[in-house]
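Below you'll find the structure, written out as structure tokens, and then a few comments.
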Amino acid sequence: MIEVSASVLNIEKDNATRDFYNLETAKVNYFHIDVMDGKFVENNNVELMKDYALTIKHISNLGLDVHLMVEDIENFIDEYLMLSPEILTFHIEVTGTEERTKKIIRTIKNEGTRVGIAISPDTSIEEIKPYLELVHMVLVMSVVPGKGGQKLIPETLEKVKQLKKYVDENNIDIDIEVDGGINDITAKEAIEAGSNILVAGKYLISSENINEAVQKIKM
Ligand code: DX5
Ligand code: ZN
């Protein structure tokens with residue numbers, strides 16, 4: 001079953017509650033919270049994303065799919081675990097050692113939250129193979145992390161295919177999320193490559209009819 005995770009990154013503050021309501025009505029599965037610390041990526045939206053996550057927790061029952069594009073992973077995990085997110089995802093490019101990676105995974109799992117591990121476009125799936133049995137989801141970035149509204153990088157879907165082949169051959173039950181540049185065309189390509197969770201931001205928020213846009217991605 002294909003799930004859609006709506007990125008709130010490009011939602012204007014003045015329209016936020018209206019957009020959250022419209023997205024929930026359009027039956028997205030999660031709200032994708034893109035936390036950027038200004039260090040791992042250039043932009044810093046820490047306060048705004050916390051504000052959006054708190055608002056969503058108050059007005060919606062949909063799960064938070066939190067994407068940490070941050071260096072100080074441990075502090076952000078502590079902060080977001082208080083909101084009981086559905087999924088908490090960190091970037092493998094940040095952790096540095098197997099020991100730190102496994103400690104982060106354990107910390108998130110001990111709170112009963114699903115763990116995601118993210119790889120940027122230039123990162124090979126070899127980097128995350130040691131952790132696939134330990135996590136619930138791989139987030140394959142299909143754009144360079146840091147902003148919404150970018151074009152999907154086609155080569156990243158080759159990585160999705162490699163990853164899907166590997167997890168199937170090794171009987172690893174794991175979700176594969178593709179994040180960045182998803183629209184009605186690229187959604188099909190990402191699903192064919194093996195993804196089952198699609199993050200969409202600009203395509204949904206800028207669509208005339210969000211309900212239709214969500215259905216087009218899920219098909
Ligand atoms: C980029 C974020 C993505 C992005 C998705 O760093 O991780 O979630 O905002 O937005 P669109 O769908 O507009 O590419
Ligand atoms: Zn994201």
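List the longest stretch of the chain that has no exposed loop site; here a site is one of the trypsin sites (Lys or Arg not before Pro) assigned by DSSP to anything other than H, G, I, E or B, with at most 15 other Cβ within 10 Å. My reading of the result: 40-150 is the longest stretch. If you run the Gaussian network model on the chain, springs between alpha carbon atoms under 10 Å, then out of GLU111, GLU126, GLU158 the most flexible one is GLU126.
I'd like the carbon and sulfur percentage of the solvent accessible area for the chain, probe radius 1.4 Å, heavy atoms only, ligands and nucleic acids excluded. Carbon and sulfur together cover 47 percent of it. If both residues of a DSSP beta bridge must be in the chain, then about 5% of such bridges are antiparallel.
Taking the three principal axes of the alpha carbon atoms in the stretch 98-219, the coordinate ranges are 46, 29, 25 Å, sorted in descending order. Normalised by the number of residues in the stretch 117-219, the mean separation of alpha-carbon contacts (under 8 Å, six or more apart) gives a relative contact order of 25 percent. Extension gain, GLU155 to LYS218, is 20.5 nm, computed as 0.36 nm per intervening residue step minus the present C-alpha separation. For the stretch 1-111, the solvent-accessible area with a 1.4 angstrom probe is 48 square angstrom per residue. Screening the chain for DSSP H helices whose Cα atoms reach 15 Å or more along their own axis and whose mean Kyte hydropathy is at least 0.0 gives 46-59. For the chain, the percent of C-alpha pairs falling in each 10 Å distance bin, counted from 0 to the bin holding the largest distance, reads 8, 38, 39, 14, 1. When the helices of the chain are scored as -39500 (n - 2.57) per DSSP H run of n ≥ 4 and the total is divided over every residue, the value at 222 nm lands at -11500 deg cm²/dmol.
Highest mobility in the GNM of the chain, judged by mean-square fluctuation with C-alpha springs under 10 Å and restricted to GLY96, GLY180, GLY63, is found for GLY96.
The GNM of the chain, with springs linking C-alpha atoms under 10 angstrom apart, assigns the highest mean-square fluctuation among LEU54, LEU163, LEU139 to LEU54. Pairs with C-alpha atoms separated by more than 19 Å, drawn from the list LYS147/LYS188; LYS164/LYS216; LYS164/LYS188; LYS13/LYS50, are LYS147/LYS188; LYS164/LYS216. Within the stretch 1-101, antiparallel bridges make up roughly 5 percent of the DSSP beta bridges whose residues both belong there. Compared with the rule-of-thumb size 2.2 N^0.38 Å for a compact globular protein, the stretch 17-95 has a Cα radius of gyration ratio of 1.09. Summarising the amide proton neighbourhood of HIS91: residues at separation of 5 or more, or on other chains, whose placed amide H is nearer than 5 Å comprise VAL70, ALA118. Expressed per residue, the C-alpha convex hull volume of the stretch 134-188 stands at 86 Å³.
The values are calculated or read from the model by the stated rules, or taken from the named source; none is laboratory data. As the structure is a computational prediction, the values presented were derived from the model and not from experiment. All Cβ positions, even for glycine, are placed from backbone atoms using ideal geometry, and neighbour counts span all protein chains on display. Surface accessibility is based on the protein's heavy atoms, side chains included, excluding ligands, DNA and RNA. Shrake-Rupley method; radii C 1.70, N 1.55, O 1.52, S 1.80 Å.
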